[in-house]
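Colleague: I am attaching a structure below and will ask some questions about it afterwards.
The values are calculated or read from the model by the stated rules, or taken from the named source; none is laboratory data. Remember, predicted model here, so these are calculated numbers, not experimental data. Methodologically, a virtual Cβ is constructed for each residue, glycine included, from the backbone with ideal geometry; neighbour enumeration extends over all protein chains shown.
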Amino acid sequence: MEALAAGMPAAFHLWVLAAGLVVGSFLNVVIARVPKGQSIVTPGSRCPRCGTPIAWYDNIPVVSWLLLRAKCRKCGAPISIRYPLVELLTAVLAVAIVRQLGPTWTAVGMFAFAAALVALAYIDVDTWLLPHQITWPLLAVGLLSPLWNPQLSFASSGIGAGVGFGLFAAIALLGEKVLKRETMGWGDVWLLAGIGAWLGWECLLPVVMLSALQGAVVGIVLILAGRDPAARQPPPSMPPAPPSPPQTPPLEVPPPQPEMLAPEPPAPAPADMEWVPPRHAVPYGPFLALAALEYLLAGRRVGDAWDLLVRRLVP
């Protein structure tokens, strides 16, 4: 397969790169709209500040961002560098997967899997959520992936999904029922089940260990740098209320009868309040996605490195 990929012409690589850029542009829409419950189809792309629709020539991946100097043509609002970065990352993944698997249906399916991981990672960074609109279809399609991936059996896919879900669900329930705090988000539970369905049960231990190790390293670095990734900006302070005009004495009104009183609305339950991440916490979804991509592109080498590490640590 690697020899087949190496023999592909440069024009084909450029076509794959361009297709990856287009998919990356679409992922930017998914990342921005899915957490808000908005349609990813309509309306078309528009400036979030002035609402002006973005013309096709201003929506060319990476190129338009450079030509516009990262500003909206209409109102001059800055355009985040994240947009071209997502496009470039998706394009690089497309080329890497095709070189790994060749021009096959397996490569097409794995690229769709990788694109979903990119979207979930960025959404989790922004919102601390892994939306079911993506994780559930990811799991369902993953269970069918042996149809176009002959290297994966239905048994391995099913066991990977079941064990992945059970492992993280046990951690989540332990935190909820015993420790009385959240130790694992349910979005992470569904994501690991999806990863197990796509890559098989053999990926679970390397993916979990890699994600935990890399997440811990990033968390320590952020703490040493004095940054708290879980911190949220305090709500803007409200201006003082203007003085009220003098009131005239109220008229004497007989008190209402008890049956005329409207029932008071119930106080919001603590579960309905906005969840605040613990201090110095980092979202785990991006590290699960990163570890899954590492296993996808270097699975055998990742497994060999893990075995070597275990042999050195365990006498």
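Colleague: With respect to A18, is the statement that it is within 30 Å of W136 (Cα to Cα), surrounded by fewer than 16 Cβ atoms within 10 Å (Cβ to Cβ), hydrophobic (A, V, I, L, M, F, W, C) and over 21 Å from the mean Cα position of the chain (by Cα) true? Spell out the reasoning first.
Modeller: Working: within 30 Å of W136 (Cα to Cα): yes; surrounded by fewer than 16 Cβ atoms within 10 Å (Cβ to Cβ): yes; hydrophobic (A, V, I, L, M, F, W, C): yes; over 21 Å from the mean Cα position of the chain (by Cα): yes.
Yes; evaluated as a whole, the condition is true for this residue.
Colleague: Scan W186, W148 and give me the residue that is under 24 Å from G37 (Cα atoms) and without any contact (Cβ under 8 Å) to a residue 60 or more places away in the chain. Even if it seems obvious, please write down each step before you answer.
Modeller: Working: W148 fails: under 24 Å from G37 (Cα atoms).
Only one candidate passes the filter, namely W186.
Colleague: Another question about this same structure. Examine the range 76-87 for a residue that is assigned to a helix (DSSP H, G or I) and either over 30 Å from L199 (Cβ atoms) or out of contact with any helix residue (DSSP H, G or I) (no Cβ under 8 Å at 6 or more places or on another chain) (or both), and state whether such a residue exists. Let's see the steps before the verdict.
Modeller: The first filter runs over the range 76-87 and keeps only residues assigned to a helix (DSSP H, G or I), leaving 82-87.
This time we only want the ones that are either over 30 Å from L199 (Cβ atoms) or out of contact with any helix residue (DSSP H, G or I) (no Cβ under 8 Å at 6 or more places or on another chain) (or both), so: 85.
The answer is yes; a qualifying residue exists.
Colleague: Identify, from the list I195, I159, the residue that is part of a helix (DSSP H, G or I), touching a residue at least 12 places away in the same chain (Cβ under 8 Å) and under 30 Å from A32 (Cβ atoms). Give the steps one after another, and end with the answer.
Modeller: Numbers: I159 fails: under 30 Å from A32 (Cβ atoms).
None of the others qualify; the one that does is I195.
Colleague: Look through the range 113-132, keep the residues that are out of contact with any Leu (no Cβ under 9 Å at 6 or more places or on another chain) and surrounded by fewer than 20 Cβ atoms within 10 Å (Cβ to Cβ), and return whichever of them is nearest to L290 (Cα to Cα). Break it down into steps so the answer makes sense when it comes.
Modeller: First, the residues of the range 113-132 that are out of contact with any Leu (no Cβ under 9 Å at 6 or more places or on another chain): 125-129, 132.
Pick out the ones that are also surrounded by fewer than 20 Cβ atoms within 10 Å (Cβ to Cβ) and you get 125-127, 129, 132.
Details: V125: 13, D126: 16, T127: 18, L129: 16, H132: 19 Å.
Applying the filter and picking the extreme gives V125.
Colleague: Test of understanding: among L4, L93, L27, which residue is of a type in the set (A, V, I, L, M, F, W, C), in a helix (DSSP H, G or I) and at pLDDT below 90?
Modeller: L4
Colleague: Now for a different question. I'd like the full set of residues that are in contact with a strand residue (DSSP E or B) (Cβ under 9 Å, 6 or more places away or on another chain) and exposed (fewer than 11 other Cβ atoms within 10 Å of the Cβ), limited to the range 32-86.
Modeller: P43, P78, listed by residue number.
Colleague: Another question about this same structure. Going by the conditions given, is T106 assigned to a helix (DSSP H, G or I) and over 15 Å from V23 (Cα atoms)? Outline the logic, then answer.
Modeller: Numbers: assigned to a helix (DSSP H, G or I): yes; over 15 Å from V23 (Cα atoms): yes.
Yes: the conditions hold for T106.
Colleague: Return only the number of the condition from (1) farther than 30 Å from Y295 by Cβ; (2) part of a helix (DSSP H, G or I) that G44 does not satisfy.
Modeller: The failed condition is (2).
Colleague: Here are some conditions: (1) touching a helix residue (DSSP H, G or I) at 6+ places or on another chain (Cβ under 6 Å); (2) assigned to a loop (DSSP other than H, G, I, E, B); (3) modelled with pLDDT under 95. L130 meets all but one. Which one does it not meet?
Modeller: Against the list (1) touching a helix residue (DSSP H, G or I) at 6+ places or on another chain (Cβ under 6 Å); (2) assigned to a loop (DSSP other than H, G, I, E, B); (3) modelled with pLDDT under 95, L130 comes up short only on (3).
Colleague: Given the condition closer than 21 Å to Q133 by Cβ and polar (S, T, N, Q), answer yes or no: does some residue in the range 81-93 qualify?
Modeller: Within the range 81-93, one or more residues are closer than 21 Å to Q133 by Cβ and polar (S, T, N, Q).
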